[in-house]
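Data block below; observations after.
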Amino acid sequence: MRSALLLVAVSLAAVLLALFAAHRARDWTLQQLHRQGAETLLERVSEMRGWLDGYDYLPFLLTQNRDVRALLLYPNQEMGVRVSRYLEQTSLVAGSTALFILDVGGRAVAFSNWRDQQDFYLRSHARRNYFLDARKGEQGRRFALAGDTGSPAFYLSAPIYDARRFVGAAVVRLNLELLQRRLGNAGLPWLLSGPEGTLIAASEPTWVGRALASLSHSEQVQRLLNGTEIRRWPEVLEGRRLAQSVELDDLGWTLTVLQDSEPAERNSRTAGLFTLGGSIAFCLLLLYLRERRLKHRSQRETQLALRRSEQRQRDIIDTAQVGLITVDSAGRMLFLNGMALKQFGLSPKLALQQPLSRLFCMSQAAGPLEAALSRLGSSGFAPLTGQEAVGRRADGSEFPLMFSIREMPGNGQRRFLVTVIDISRRKRLEQALRDARDSLEDKVEARTRELHSMQQELIQAEKLAALGRMSSAVVHELNQPLTAMRTYVAICRQLNERPDLLAGNLEQIDALVDRMALITRQLKTFAYRKPERLEPVSLGDCIDRTLALFGTRFDETGVELSVERCSGEDRVAGDSARLEQVLINLIGNALDAMTDTQGTRRLALRLTSRGEQLQLEVCDSGGGIAEDVLDKLFDPFFTTKSIGSGLGLGLAIVRSILRDLGGDIDARNRAGGGACFRLWLPAWVEVTTTNDRET
Ligand code: ADP
């Protein structure tokens, strides 16, 4: 991370360095250009001055000519022509544009170009500066546009006196084209502007006449590092131009030299690129060095980690709690860890290069171990895991062990790893466990026997108690009709003479006998044993038969009966007599419970099929069952009815029958009042039941 940051910083520095170098190169080149431009400017100025100075003598020379003076004093055509010829020759020799002599009124009296321009004589020069300078007695050096051609020209004038009297002026006209030709257009471009800012001469002839401002209006001033101020005219010609000017105060002219600033830009770019390239190369070098360093470091770390891992593996192998042995394809031992040496009581010297089979009692592990060892060198070798065998120590003692053999991964010679676990302790524990299990089984058996006899005793006691309760109830139930019968029999004896009354008493005795028969019948049902064979019985049919028995009682009590049958299979495994007994008890109880009910008495039977079971609900609108007796209802002899009305055996019989048939019953109170008994029985299954019966 740190070196990455350093790299970014170095790259940034490289870019900054490149920018700085580019800037310095541009500045340095501009300084050079500026110096070169200044030198050129100086050369041009001295050249221009030299050119002008070359004509300085000419007006004076004319003023000294006798013919000129004579013409001014005594003007005549002949003299005019003579002087004009003289001027013509002189101008030709001097290389001026024109020479002319003006009289005291500023009118030309002689003119070097008299052959071509006769109208020149007609024009007055009285107001021209060069004439006014001469008139004032001064030597004129003036720039003006030529009156005849309109081209820019430089005029040199000198006064002509006769006995200190101003008689005229000698004027030399130098067209600036001459200067332009003289300075030429070789070297740096230059331009000469007049006092009004118009270009009067330039290395580029087409510029002449243009306003200087049109070339320099977007001038930029820049200060170089050495303090020099340079001016740049970006829009001049194609390149950015470096402009250097000098003002010639006496002439009112400004000479400007232009330089192409492109070399500065080029140098700047080159220096920037070179520096950037160098910096990038430097960065790449740094990067390469860094990568090399990182690679070396990572290699070192990997080697270190490898060594550490090997050491750790060696430590693990040496301190492992299992014996580890490597063998070659001939079954010779090549390495044994500490635990293996300890297990077999060996020293490395004794064990190495010895056959592995020496460590085993081959007689007892002959099968898989022998097979595996014989296949070590072949392709048919299959790894062995979790095999038990008997090991032999160096002292000849034996111990049980568990071993595995698998091939070790690798490209060279085949190697096999044998793991050995001493299972003496496990075997001991297993034996102890077996002993403990055997003794536990004995104990459990004895305890079960004990419990069984206790249970038998309890059942016996319960039976006796039930028998006691039943006996007292039976005694009570039977005593009452017996006493009544005894009374009726005594009465019968007395009524022997009154046969009409006797019949009534005998009917009473008959009724009492019936009641006693009912009691014994009920007791008989309770004692009824489960039948040997169960038949398919339709619960719907049972319901119909039972309801038919209660027909008269329903009419008497005005009970509203509703019966709901299931649509599909309604058969159960049972016997119809006992199932009807169940229904008789439940319906009888329901009618008893509704005896005191005011309003509508309702009895509802609902038979539903629930997969493998059939369920029947018998619900009434009677007084319901008190919550505290709900769990005692099915106990034998539990009754809330008065003595003589109920024995308390009905529901106990019902539950007993249903459980015998693989079903059961429960009771609850309905939310709207009344009790609801729900019984369920397994539905009749043809195949299963047949098989069951056969078995
Ligand atoms: P018994 O009818 O001879 O009393 P049962 O074993 O048939 O004996 O009934 C035990 C008791 O269960 C009855 O005394 C009665 O209190 C209660 N019982 C049974 N069926 C109903 C019912 N439909 N509504 C209210 N109580 C009931």
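The values are calculated or read from the model by the stated rules, or taken from the named source; none is laboratory data. In this text the structure is predicted, and so the values were computed from the model without any measurement. For neighbour counting, all protein chains shown are included, and Cβ atoms are generated from backbone atoms with ideal geometry for every residue, glycine included. SASA here: full protein model, heavy atoms, side chains in, ligands and nucleic acids out. Shrake-Rupley method; radii C 1.70, N 1.55, O 1.52, S 1.80 Å.
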- Task: Among the residues of segment 223-237, write down those that are in contact (Cβ under 8 Å) with a residue 12 or more places away in the chain and open to solvent by 50 Å² or more (accessible area, probe 1.4 Å).
- Result: L225, N226, R231, E235, L237
- Message: Just checking, does segment 266-284 include any residue being modelled with pLDDT of 85 or more, in contact with a Phe, Trp or Tyr (Cβ under 8 Å, 6 or more places away or on another chain) and either of a type in the set (A, V, I, L, M) or closer than 20 Å to P195 by Cα (or both)?
- Response: no
- Turns out the strands (runs of 3 or more DSSP E) fully within segment 582-695 with at least 2 residues that are near the ligand (Cβ under 10 Å from one of its atoms) and touching an Asp or Glu at 6+ places or on another chain (Cβ under 9 Å) are 675-682
- Message: Suppose the filter is open to solvent by less than 20 Å² (accessible area, probe 1.4 Å) and either farther than 24 Å from E569 by Cα or of a type in the set (K, R) (or both); does L649 pass it?
- Response: yes
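Residues checked against (1) open to solvent by less than 50 Å² (accessible area, probe 1.4 Å); (2) more than 21 Å from I625 (Cβ to Cβ):
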{"position": "L549", "(1), (2)": "no, yes"}
{"position": "D555", "(1), (2)": "no, yes"}
{"position": "S567", "(1), (2)": "no, yes"}
{"position": "G574", "(1), (2)": "yes, yes"}
{"position": "L586", "(1), (2)": "yes, no"}
{"position": "A590", "(1), (2)": "yes, no"}
{"position": "T597", "(1), (2)": "yes, no"}
{"position": "T608", "(1), (2)": "yes, yes"}
- Message: Among the listed residues G323, G338, identify the single one that is touching a residue at least 12 places away in the same chain (Cβ under 8 Å), crowded, with 18+ Cβ neighbours inside 10 Å and under 16 Å from R393 (Cα atoms).
- Response: G323
- Note on the structure: Only one of R426, R434, R392 is without any contact (Cβ under 8 Å) to a residue 60 or more places away in the chain, in contact with a helix residue (DSSP H, G or I) (Cβ under 9 Å, 6 or more places away or on another chain) and open to solvent by 70 Å² or more (accessible area, probe 1.4 Å), namely R392
- Pairs where the first residue, in segment 175-194, is under 12 Å from S96 (Cβ atoms) and the second is open to solvent by 10 Å² or more (accessible area, probe 1.4 Å) and assigned to a loop (DSSP other than H, G, I, E, B), C-beta under 6 Å, 6+ apart: N175/T97; N175/S151
- Taking G663 and the conditions (1) out of contact with any Phe, Trp or Tyr (no Cβ under 6 Å at 6 or more places or on another chain); (2) crowded, with 21+ Cβ neighbours inside 10 Å; (3) of a type in the set (G, A, S), which numbered condition does it fall short on, given that it satisfies the others? (1)
- Does M362 fit the bill of being of a type outside the set (V, I, T), surrounded by 15 or more Cβ atoms within 10 Å (Cβ to Cβ) and modelled with pLDDT under 80? yes
- Message: Whether any residue in segment 305-318 is touching a residue at least 12 places away in the same chain (Cβ under 8 Å) and loosely packed, with under 10 Cβ neighbours inside 10 Å is what I want to check.
- Response: no
- Note on the structure: In the set R107, R135, R128, R115, the lone residue that is in contact (Cβ under 8 Å) with a residue 12 or more places away in the chain, within 30 Å of A202 (Cα to Cα) and open to solvent by 40 Å² or more (accessible area, probe 1.4 Å) is R128
- Query: Which residues, taken from segment 103-127, are in a strand (DSSP E or B) and over 18 Å from L92 (Cα atoms)?
  - Reply: D103, R107, A108, V109, S124
- So, first residue in contact (Cβ under 8 Å) with a residue 12 or more places away in the chain in segment 484-505, second residue in a loop (DSSP other than H, G, I, E, B), Cβ within less than 8 Å, six or more apart or across chains; the pairs are none
